[in-house]
């Protein structure tokens, strides 16, 4: 491969990834968050990476943190093609299938495409210590961002007629017993994501304290 083709591939991949800077996280749109500026997918990726670094540092996880950071850098890459789909509007099986097909298209011109794709598949498998750790960071980052929005007072639970998430029976149950939107979402995360004790500790702390 000549230098011009390599340069073109690098720049093309970079420009493609830039789309995630302008792809707003669909969950915040679903909840009708009335912030002047909503979190993009790229910002979520950055937040998950920083959370991973802090968790690795403070709780002494025996994981390859550099591999974790790579997984988190890549885990939303499919959304360049398929957008930010969630379990509320597509099944996990269908999303995974669409996502893996999209990844092949996105990575096809990179020399190390197979190595990169394998990291994404490992993350999705959630079986290795690094994949589990990265997955927890991905989910907890969302929960913490929810708390930040809640503290800013930008979510009105009485104005959710178009929100498919609030119709979920378990979400309704949690809203019935929790004092706030973020408290509900933090408990939902703990229940659904099977966090280890350290991530559970952080989630509980965030629920009980003002963080910003």
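What follows is calculated from the coordinates using simple rules that are stated; it is not laboratory data. It should be emphasised that the depicted structure is a prediction, and the values quoted were computed from it without experimental measurement. With ideal geometry, Cβ positions are generated from the backbone for all residues, glycine too; neighbour counts draw on all protein chains shown.
Values for this structure:
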quantity: Cα-projected label distance for residue 170 with residue 58, points at 7 Å along beta-carbon direction, nm; calculated: 2.6 nm
quantity: Extension gain from residue 128 to residue 211, taking 0.36 nm per residue of separation minus the Cα-Cα distance; calculated: 26.8 nm
quantity: C-alpha long axis of helix 197-208 to longest principal axis of the chain, angle in °; calculated: 50 degrees
quantity: Rel. contact order, % - alpha carbon contacts under 8 angstrom, at least six apart, the chain; calculated: 23 percent
quantity: Burial ranking of peptide ranges 7-20, 47-60 (average Cβ count within 10 Å, highest at the top); calculated: 47-60, 7-20
quantity: Whole-angstrom Cα spans of region 40-97 along principal axes, big to small; calculated: 37, 22, 18
quantity: Folded to 0 to 90 degrees: helix 41-59 orientation relative to the chain principal axis, Cα; calculated: 80 degrees
quantity: Region 127-212 - percent relative contact order, Cα under 8 Å, separation 6 or more; calculated: 41 percent
quantity: Sorted peptide list for 100-110, 166-176, criterion being average Cβ within 10 angstrom, highest first; calculated: 100-110, 166-176
quantity: Using alpha-carbon coordinates, inclination of helix 65-74 to the longest axis of the chain, degrees; calculated: 90 degrees
quantity: Relative intensity, log₁₀ I(q)/I(0), of region 1-89 from a Debye sum that treats every alpha carbon as a point, q = 0.12, 0.17, 0.19 Å⁻¹; calculated: -0.51, -0.87, -0.97
quantity: CD proxy at 222 nm, helix term only [per DSSP H run n ≥ 4: -39500 (n - 2.57); per residue of the chain; nearest 500]; calculated: -20500 deg cm²/dmol
quantity: Calculated SAXS-style log₁₀ I(q)/I(0) at q = 0.15 Å⁻¹ - the chain, Debye, Cα scatterers; calculated: -1.04
quantity: Computed lengthening from residue 198 to residue 24, 0.36 nm per intervening residue step minus Cα-Cα distance; calculated: 59.7 nm
quantity: Alpha-carbon centroid distance for the pair region 151-205 / region 96-129, whole angstrom; calculated: 30 Å
